[in-house]
Each structure stands twice: as structure tokens, then as C-alpha cells.
1. Compute the FRET efficiency between B:Glu29 and A:Gln41 as 1/(1 + (r/R0)^6), taking r as their Cβ-Cβ distance and R0 = 22 Å, and round to the nearest 0.05.
2. Over chain A, what lengths in whole Å, largest first, do the semi-axes of the equivalent ellipsoid take, defined as the square roots of 5 times the eigenvalues of the alpha-carbon gyration tensor?
3. Please work out how much length the chain gains when fully extended from A:Tyr10 to A:Lys57, using 0.36 nm per residue of separation minus the C-alpha to C-alpha distance, in nm with one decimal.
4. What FRET efficiency comes out for B:Gln14 versus B:Arg43 if R0 is 25 angstrom and r is the Cβ-Cβ distance? Round to the nearest 0.05.
5. Quick one: if you take sqrt(5λ) for each eigenvalue of the C-alpha gyration tensor of the protein assembly as shown, what semi-axes come out, biggest first, whole angstrom?
6. Across the residues of B:45-58, average count of Cβ atoms on other protein chains within 10 Å?
7. Taking K and R as +1 and D and E as -1, what net charge do the other residues with C-beta under 10 Å from the C-beta of B:Asp86 add up to?
8. Pop a pseudo-label 7 angstrom from the Cα along the beta-carbon direction at both B:Glu61 and A:Thr102 and give the gap in nm to one decimal.
Amino acid sequence: KAGVTQTPRYLIKTRGQQVTLSCSPISGHRSVSWYQQTPGQGLQFLFEYFSETQRNKGNFPGRFSGRQFSNSRSEMNVSTLELGDSALYLCASSVGQGGGETQYFGPGTRLLVL
Amino acid sequence: AQTVTQSQPEMSVQEAETVTLSCTYDTSESDYYLFWYKQPPSRQMILVIRQEAYKQQNATENRFSVNFQKAAKSFSLKISDSQLGDAAMYFCAYHVEYGNKLVFGAGTILRVKS
């Protein structure tokens, strides 16, 4: 099976702009989680979607939003970008049946905000 | 809220030797799952090992094994016969069942010397 894919891999934006990142999960996986990784804050959970519904959300401002489509692909959007949004954004997919199932990660999207 | 602590920012090991990475966590749950992930310089997060808290037996995967001490809330990773390819950042993670969320520790950089 193909792994989790994320597009684009690299992105440069300026403050105030908005950005949309995409994640395609492993075939058959219905849960997609998003994480932000920065040197200062480490890996932090953004949100998780299962069957087009957000089930959990991390402690991020409303500028961070996401959605999931019927084919389980997910997008996350960051509006009014700030310098501090520069980070590696990782998505992970799993079947979504619970029971501590393994999350499989994509290669990430590196976002640089100037 | 669950927390995960990795007290060793950096560790070194000689090739072919054994190294142990420490992880402690805090939770009030009795049934949960713990993970170790590896992140090499490519930044791709790779699953190393998974432990179910209700299982007494420590998980093993080839050269990787854990020492899971539930009462002490400790979950250390032992890497035997270390190889150059083991050099990476290692993250310990606690799985929150609701909303399929991983809570990560700060990570330990492992350097392997030849």
C-alpha cells in the first residue's frame, strides 16, 4: 500500500497570508490527525478527523482549521499567518477503530513564514 | 491531562553496543497505549514499537525492546546492537483514545559512533 502523502512538501508564505496543506491517508484509513512540530514547542496535536467529523482539537487558535472529505483526504488551513506558524506540519493516518492503533505519518510539509 | 517526559535531550552509543532511552508519563487512566517513534534527519516519523498497558509482557521488535513499568509510569526503550542507521530523534508518545491523539515527549537525539 502507498503510504501517507502530503502536499506540498515545502511552502514559503508571508505574514498575513493564508495557506492550505493537504494530506492523503493510507487506503482504507479513515482517521487523519495533524501535528505541528517546532524546535521550541516540539510536537503538538492540532486536530483529528474521522469520517469527515472533527473528533478532537488541540490548543491552537481559531486561525487553524481543517476538514476531511468523503475519500478521507484531509486539508488544514491556516489563515492570517504569523511568523510563529513556521513549522513542520505532519499528518498521520490510522484505521480509526480505536484501541490505540498505530498512526502512520506522512513526510510532512515544511512551512516558512516570512 | 496526560504528559510525557523524556529527560535525556541527547544520548551517544558506540556501534554494536546497547543504549536505553528513558520516558516517563503521567495519566489517571488504567488502560492506554504507549509508542516509540523514530525521526531520522529526513523528518519522516517511523514507528519503532507499541505497548499496550494492560499487557504485562514488554513489547519487542527485533533489536528494539521496552521496559514497561506501569506502577512507576515508566516506558524506556532499549536498542541492542546499535547500528549507524539508528541515529535519529526518538520520541515517546502516549495515545489518548478519545480523538486518536498522541501526546509526545520532547525527544531524545541518539548519536551512534562508529
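Any read-out appearing in this document is the output of simple, stated calculations on the displayed coordinates, not a laboratory observation. Treat the numbers as computed from the prediction; the structure is a model and nothing was measured. Neighbour counts are summed over all protein chains in view; Cβ atoms, including those assigned to glycine, are modelled from backbone coordinates with ideal geometry.
1. Once rounded, the FRET efficiency stands at 0.35.
2. Equivalent ellipsoid of chain A: 23, 14, 13 Å, largest first.
3. Difference between extended and current length: 14.5 nm.
4. 0.45
5. 29, 21, 16
6. Per residue, the number of nearby Cβ atoms from other chains is 2 on average.
7. With Lys, Arg at +1 and Asp, Glu at -1, the net is +1.
8. Each label point is offset 7 Å from its Cα along the Cβ direction, giving 0.5 nm.
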